[in-house]
Amino acid sequence: MSALKPSTVLRLRSPLALCVRTMSKGEPGSGAGQGGGTGGTIRDAGGSFGKREAAMEDQYFKKLEAEQLEKIRKGLKQEVDFHKKQIKAHEEALKRHKERLDELD
C-alpha cells in the first residue's frame, strides 16, 4: 500500500480543526516574558489571575474540542445508518430482479 501525499492527507482532515496551543517557556499565565504573556492585560500581569485565566482558556478549548468530536461522531453514525438502509434497499432490489429472471426462464 502506498503512502498518501501530504496534499491528500490535508484533504482527508475534518473541516473542524482542533486547536493545539504550545508555550515557549514557563507556565501559562505566569506573566509577560515568562511564557504566559501577551494574552491580554491579566495574563501580562501574571500571578494567580493570569494562571486562572490560562486554565479557563485551556478548559474552554478542551470543551470545544469535545463538542467538535461529538458532532463528528454523530455525523458518522448517521452516515453508517444511511448506508445500511441503502444496502438493505439494494439487496431487496436484487432479490426482485432475480425473481423476475427466474420467471422469464
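The values are calculated or read from the model by the stated rules, or taken from the named source; none is laboratory data. Keep in mind it's a predicted model, so treat the numbers as computed, not measured. Calculation scope for accessible area: heavy atoms of the full protein, side chains included, ligands and nucleic acids excluded. Shrake-Rupley method; radii C 1.70, N 1.55, O 1.52, S 1.80 Å.
For the structure I just gave you, tell me whether Asp81 is modelled with pLDDT of 95 or more and part of a helix (DSSP H, G or I). Write out each step before concluding.
On the way: modelled with pLDDT of 95 or more: yes; part of a helix (DSSP H, G or I): yes.
Considered against the rule, which asks whether it is modelled with pLDDT of 95 or more and part of a helix (DSSP H, G or I), Asp81 comes out as yes.
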Filter the range 33-78 down to the residues that are open to solvent by 60 Å² or more (accessible area, probe 1.4 Å) and not in a helix (DSSP H, G or I), then identify the one that is modelled with the highest pLDDT. Thr38
